[in-house]
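No value in this document is a laboratory result; all are computed from the given coordinates. Model, not experiment: these values are computed from the prediction. A quick note on method: Cβ atoms are made from the backbone with ideal geometry, for glycine too, and the neighbour counts reach across all protein chains shown.
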Amino acid sequence: MSNWRISSFSGALLAAYFIPNWAIIAHTIVMSPVRGLYERPSVSVALYASDHLQLASMTTVRFAWLLALGRLTVVAFFALFLVLAAISFIRKQTSGSEALAIALGIGSVISFASMIMASQVGEAEALRLHATELLMMLGTAIVMLFDRPAQPQTVAATAPSDLPREQAELRYNG
């Protein structure tokens, strides 16, 4: 595990949180768009869309599916990161930090927009939820910025310096 960085551990912990939670939220929205949109994790988006944007019912359903697609995209990139991290753990290579960065970027945009919408409609619980998710993702992104890549451990091959120039290094020249 010498090739893992702090950001890899942090990304794995975030993936353990976001994959099941956001997948369940997206599944609920896909199965029943209006009911799924008005549940606690997405209620601020639903209220903002209906009150401030004054969307029609079919447009609200499409908006809900777009939100579910965004959440499923984040879930997919977190899952890809876990797969690449597991492969890198086995093969002692670099981990899939690019997939983690994409998941953090898209997820941060969704959480930030949801947090702004929650503050506009006055949903305190949703505001706390989205702010917490945003801070978790931004914390890992900051750790990724300042965490240096793991340096491969090289075994220094030392040449015997006590051999004269004419003498071969191998004993049998035959």
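Residue check, S57 against (1) surrounded by 14 or more Cβ atoms within 10 Å (Cβ to Cβ); (2) without any contact (Cβ under 8 Å) to a residue 60 or more places away in the chain, all met but one. Which one?
Status for S57: all satisfied but (1).
Which of (1) under 21 Å from D147 (Cα atoms); (2) surrounded by fewer than 21 Cβ atoms within 10 Å (Cβ to Cβ); (3) touching a helix residue (DSSP H, G or I) at 6+ places or on another chain (Cβ under 7 Å) is the odd one out, the single condition E98 does not satisfy?
Just one mismatch for E98, condition (3).
Would you pick out the residues in the range 38-53 that are part of a helix (DSSP H, G or I) and aliphatic (A, V, I, L, M)?
Applying the first criterion (part of a helix (DSSP H, G or I)) to the range 38-53 yields 40-51.
Matches in the range 38-53: V43, V45, A46, L47, A49.
Yes/no per residue for (1) assigned to a helix (DSSP H, G or I); (2) without any contact (Cβ under 8 Å) to a residue 40 or more places away in the chain; (3) β-branched (V, I, T); (4) touching a Leu at 6+ places or on another chain (Cβ under 6 Å):
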position	(1), (2), (3), (4)
L104	yes, no, no, no
S114	yes, no, no, no
A118	yes, no, no, yes
T132	yes, yes, yes, no
L135	yes, yes, no, no
T140	yes, no, yes, yes
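Which ones in the range 8-46 are surrounded by 18 or more Cβ atoms within 10 Å (Cβ to Cβ), of a type in the set (S, T, N, Q) and closer than 19 Å to A131 by Cα?
S10, S42, S44
For S42, only one of the following conditions fails: (1) farther than 20 Å from E123 by Cβ; (2) within 21 Å of the chain's Cα centre (by Cα). What is its number?
(1)
R35: among the charged types (D, E, K, R), in a helix (DSSP H, G or I) and more than 30 Å from A86 (Cβ to Cβ), yes or no?
For R35, the condition - among the charged types (D, E, K, R), in a helix (DSSP H, G or I) and more than 30 Å from A86 (Cβ to Cβ) - is met.
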